[in-house]
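The values are calculated or read from the model by the stated rules, or taken from the named source; none is laboratory data. Being a predicted model, the structure only gives us computed values, none of them experimental. Don't worry about glycine lacking a Cβ; one is built from the backbone with ideal geometry, like all the others, and counts go over all protein chains shown.
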Amino acid sequence: MAISRTEQLEQRVAPVTLAKEQLLPVPDALLPLFPMGGLQQGWSVGVSGAGSWSLALALLGSAAGADGWSACVGLEELGLVAADEIGVRLDRLIMVETPPPQQWAAVVASLVEAVDVVCLGSARSIGVRDARRLMARAREQRAVLLHLDGGRSWPQALDVTLSTEPGSWSGIGPGHGHLATRPLSVTAVGRRSMAKPRRVEVLLPGPGGGLAPTGPSRPVGELAVAGPVDGPAVGSVAGEVGRWPVSA
């Protein structure tokens, strides 16, 4: 039986993959932030606030999983030991030094075609045209751009921004002890399905060193996104290796 012209058109425009097949996993503690059940491939995601770099590493480790690949561009200060402890597979992580300004967009475009998640430092020279091309390439290749400067240097609106508010460390007694866990409030807001702000309370690090839940999620009203803090922090605390950004 011949099919109608309308049915032919519906078959041509039907999505090749189901929506759930276009999602990358996120840590269980962050699931309430993502109503679709994961991180949409082809998205641009920003993280900002104190503790945001650790949060980004937790996202990266979960999204890439055991078999995926990820890359970091212009993040020479990133602590690889801490990344390994949080769950990032270092044997599947590509570290790229900050490219010359005229090559930055080309380098990121090449990585988008090869890995699942590309973590970006500040893109001081990116223009609107290059940003649009990179986002189009990311959607085509189903890759996620993870902006560790909160998207501050990106000339386009991000799909979602995660902002953090840390609490006080536990484990320190009067003159003794060591840093053990830290509560972190994470708020997500963005476009489309992420337009409604959502917040969760987590521990980062938790008792096991990774991300752990502390309580149920709750909706929030007015969102105040804190900007990232620039520059590395000098010195170290227990469990910290080398020089970490203040936003770690």
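For region 52-67, the candidate set comprises residues that are surrounded by fewer than 16 Cβ atoms within 10 Å (Cβ to Cβ) and not acidic (D, E); within that set, the residue that is nearest to the chain's Cα centre (by Cα) is G65.
Per the conditions (1) modelled with pLDDT of 90 or more; (2) more than 15 Å from the chain's Cα centre (by Cα); (3) within 22 Å of L203 (Cβ to Cβ), the sole criterion not satisfied by S48 is (2). Can you work out which of the residues in region 51-94 that are acidic (D, E) and outside any helix (DSSP H, G or I) is nearest to Q40 (Cα to Cα)? The qualifying residue nearest to Q40 (Cα to Cα) is D67.
I'm trying to understand the selection: among the residues of region 68-119, which are surrounded by 21 or more Cβ atoms within 10 Å (Cβ to Cβ), out of contact with any Gly (no Cβ under 7 Å at 6 or more places or on another chain) and within 26 Å of L203 (Cβ to Cβ)? Residues satisfying the conditions are S70, C72, L78, A83, L93, V117, C119.
Only one of the numbered conditions (1) at pLDDT below 85; (2) surrounded by 20 or more Cβ atoms within 10 Å (Cβ to Cβ) is violated by L184, and that is (1). For region 110-134, the set of residues classified as in a helix (DSSP H, G or I) and in contact with an Asp or Glu (Cβ under 9 Å, 6 or more places away or on another chain) consists of V112 only.
Within the set of pairs 6 or more residues apart or between chains, which connect a residue that is farther than 13 Å from P205 by Cβ inside region 157-171 to a residue that is part of a loop (DSSP other than H, G, I, E, B) and of a type in the set (D, E, K, R) with Cβ atoms less than 7 Å apart? As it stands, the answer is A157/R191; D159/R191, since those pairs meet every condition given. Being over 17 Å from P27 (Cα atoms), out of contact with any Phe, Trp or Tyr (no Cβ under 7 Å at 6 or more places or on another chain) and not aliphatic (A, V, I, L, M) is a property that G173 has. A count restricted to region 132-154 and to residues that are under 19 Å from S54 (Cβ atoms) and surrounded by fewer than 16 Cβ atoms within 10 Å (Cβ to Cβ) stands at 1. So the check is Cβ under 7 Å with 6+ separation or different chains; which pairs have a first residue in region 182-201 that's over 16 Å from G150 (Cβ atoms) and a second one that's surrounded by 20 or more Cβ atoms within 10 Å (Cβ to Cβ) and among the small types (G, A, S)? The qualifying pairs are R198/A188; V200/A29.
In region 155-181, the residue that is surrounded by the fewest Cβ atoms within 10 Å (Cβ to Cβ) out of those that are closer than 24 Å to R124 by Cβ and among the hydrophobic types (A, V, I, L, M, F, W, C) is A157.
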